[in-house]
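Trainee: Here it is: the structure, laid out below.
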Amino acid sequence: MDLNTFVNSGFRMLGLIATPIVIYLGGGILGAVAILLIVALLTLAAHLYVSGKLLNQLFQFTLDRSLIRPMLNFGRALAFASIAAVLLVNLEKLVLAKVTTVETLAHYAVAFTLATMATMFSSAMIQSLVPAFSQLLIPEKREQLNNLFARALRLNLVMMLPILVTLFVIARPFFTIWAGEEFGRESTIPFYVLLVGVFFNILAYVPQSLLISTGRTDVLAKIYWIELFPYIALIAYLTSTFGAVGAAMAWGTRVFVDTAVLGYLVRKTSNVSLRVFDTNVWKFILTIVVLSPAVLITLLYSSFQIFILFVLAVSLMIYAWLAWVNFIGDEEKIWMTGRMRSILAR
């Protein structure tokens, strides 16, 4: 799972970093597309290499005709779901360009790009969670399934919250330095709203993975296509009324609904528990409070203050200690310390 996540998120980060550099150097849109193609090919090559090392039988091709029809049914529904998902992810940009200006669309697009970078770790987990969940669907392994589901949700929450807070704090100066004062002024508020949606989007990946592992890709397709037209109406109203902030509100609302629906469905179909922290929920809430000073100071000051970084650093250290003590299990601590030792030993 760690190798899979590393390959997916690592090369995606490479593409995100290389694209603006190529455009800045004069490569234009064609250069940016070429970079994304190269990154996609490198990701495929890395997956083939790692998978071949882990499973030598991968390249010993066989054909089981009895599996063709179930795989086609599974893939067809997943393809339809993916088409709707692409529309849902990008519709607010199309409507924003129609009802506002190109400049407003640019402000929103910059905010959206940075905000969705926070989902790389969670989205990269899908390809490893799906087969892991699939092996635990039998009744004898129900407890293991519940444990893995809760662990994936918990680790997403614990690990992504400090990243979201850090992005919140550095957003305005980052936009200003990267794209200019206009973007620092106009992209920051939509970005703040998008971060709320990103929080729920991160949580949605785990139940989505479980739903796919049960073979119910048709349910995903139905959900996405059913919500498409109401979402268009919501986008049209909010973007015409609030501009880029309205587009962010529409996207966040849709993501929240997705997360709630997916959580309900996996609870109903797979009977997994959605209680991530059990009796430690209040400890988690108090741990989140540790991150709030940097957020509050950022909201109080219209311009960036260097001491906010100090407050952020102190908050993150305290948060890391509390999270390690209260929410990281013994097995996870052993795995993390083992990985750190292997990296440092290289």
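Trainee: Restricting the search to segment 308-346, which residues are under 24 Å from the mean Cα position of the chain (by Cα) and among the acidic types (D, E)?
Mentor: Of everything in segment 308-346, just one residue is under 24 Å from the mean Cα position of the chain (by Cα) and among the acidic types (D, E), namely E332.
For (1) crowded, with 22+ Cβ neighbours inside 10 Å; (2) not hydrophobic (A, V, I, L, M, F, W, C), each residue gets a yes or a no:
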position	(1), (2)
Q144	no, yes
A150	no, no
R154	no, yes
R172	yes, yes
V198	yes, no
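Trainee: Which count do you get for residues in segment 196-251 that are of a type in the set (S, T, N, Q), under 18 Å from K268 (Cβ atoms) and out of contact with any Ser or Thr (no Cβ under 6 Å at 6 or more places or on another chain)?
Mentor: Matching residues across segment 196-251 total 4.
Trainee: Taking helices (runs of 4 or more DSSP H) that do not extend beyond segment 194-307, which have at least 3 residues that are within 21 Å of the chain's Cα centre (by Cα)?
Mentor: Ranges flagged: 217-242, 244-269.
Trainee: Just to be sure, is L37 open to solvent by 50 Å² or more (accessible area, probe 1.4 Å), within 29 Å of T188 (Cβ to Cβ) and assigned to a helix (DSSP H, G or I)?
Mentor: no
Trainee: How many of the residues making up segment 90-106 are β-branched (V, I, T), part of a helix (DSSP H, G or I) and either open to solvent by less than 60 Å² (accessible area, probe 1.4 Å) or in contact with a helix residue (DSSP H, G or I) (Cβ under 6 Å, 6 or more places away or on another chain) (or both)?
Mentor: The number of residues fulfilling the criteria is 3.
Trainee: What pairs come up if the first residue lies in segment 306-330 and is farther than 19 Å from P173 by Cβ and in contact (Cβ under 8 Å) with a residue 60 or more places away in the chain, the second is hydroxyl-bearing (S, T, Y) and buried (at least 17 other Cβ atoms within 10 Å of the Cβ), and their beta carbons are under 9 Å apart, counting only those six or more places apart or on different chains?
Mentor: Close Cβ pairs (under 9 Å, with a partner that is hydroxyl-bearing (S, T, Y) and buried (at least 17 other Cβ atoms within 10 Å of the Cβ)) amount to Y319/T287; A323/T287; F327/T287.
Trainee: Is it the case that R172 is at pLDDT below 85, in a helix (DSSP H, G or I), basic (K, R) and more than 16 Å from the chain's Cα centre (by Cα)?
Mentor: For R172, the condition - at pLDDT below 85, in a helix (DSSP H, G or I), basic (K, R) and more than 16 Å from the chain's Cα centre (by Cα) - is not met.
Trainee: Out of the residues in segment 59-77 that are part of a loop (DSSP other than H, G, I, E, B) and either in contact (Cβ under 8 Å) with a residue 40 or more places away in the chain or polar (S, T, N, Q) (or both), state the one that is surrounded by the fewest Cβ atoms within 10 Å (Cβ to Cβ).
Mentor: The selected residue is T62.
Trainee: What about G215, is it on the phi > 0 side of the Ramachandran plot and in contact with a helix residue (DSSP H, G or I) (Cβ under 7 Å, 6 or more places away or on another chain)?
Mentor: Criteria met by G215.
Rundown of residues vs (1) modelled with pLDDT of 90 or more; (2) small (G, A, S), yes/no style:
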| residue | (1), (2) |
| --- | --- |
| R216 | no, no |
| I232 | yes, no |
| G246 | yes, yes |
| T253 | yes, no |
| V257 | yes, no |
| V266 | no, no |
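Trainee: Which pairs do you get when a residue that is without any contact (Cβ under 8 Å) to a residue 40 or more places away in the chain, found in segment 78-98, comes within reach of a residue that is open to solvent by less than 60 Å² (accessible area, probe 1.4 Å), reach meaning Cβ atoms under 7 angstrom, with the pair 6+ apart or on two chains?
Mentor: A97/L105
Trainee: Determine, yes or no, whether M125 is surrounded by fewer than 19 Cβ atoms within 10 Å (Cβ to Cβ) and either in contact (Cβ under 8 Å) with a residue 12 or more places away in the chain or under 19 Å from L211 (Cα atoms) (or both).
Mentor: no
Trainee: Which one is nearest to L153 (Cα to Cα), of the residues in segment 293-346 that are in contact with a Pro (Cβ under 7 Å, 6 or more places away or on another chain) and open to solvent by less than 70 Å² (accessible area, probe 1.4 Å)?
Mentor: Y319
Trainee: Out of the residues in segment 232-271 that are of a type in the set (F, W, Y) and open to solvent by 60 Å² or more (accessible area, probe 1.4 Å), which is farthest from Y108 (Cα to Cα)?
Mentor: The extreme case among them is Y264.
Trainee: Here's something else I'd like to know. Just a yes or no: is a residue in segment 177-194 crowded, with 19+ Cβ neighbours inside 10 Å and within 17 Å of T259 (Cβ to Cβ)?
Mentor: Yes, segment 177-194 contains a residue that is crowded, with 19+ Cβ neighbours inside 10 Å and within 17 Å of T259 (Cβ to Cβ).
Trainee: Free of Cβ contacts under 8 Å to residues at least 60 places away in the same chain, within 22 Å of L322 (Cβ to Cβ) and part of a helix (DSSP H, G or I): which single residue out of I177, I163 fits that description?
Mentor: Going through I177, I163 in turn, the sole match is I163.
Trainee: Can you find, within segment 128-142, the residue that is surrounded by the most Cβ atoms within 10 Å (Cβ to Cβ) among those that are in a helix (DSSP H, G or I) and aliphatic (A, V, I, L, M)?
Mentor: That would be L129.
Trainee: Could you tell me how many of the residues in segment 12-34 are in a helix (DSSP H, G or I) and open to solvent by less than 50 Å² (accessible area, probe 1.4 Å)?
Mentor: Matching residues across segment 12-34 total 9.
The values are calculated or read from the model by the stated rules, or taken from the named source; none is laboratory data. No experiment lies behind these values; they were computed from the predicted model shown. Positions of Cβ are generated from backbone atoms using ideal geometry, with glycine treated the same way; all protein chains shown enter the neighbour counts. Heads up: the accessible areas ignore ligands, DNA and RNA and are worked out on the full protein's heavy atoms, side chains in. Shrake-Rupley method; radii C 1.70, N 1.55, O 1.52, S 1.80 Å.
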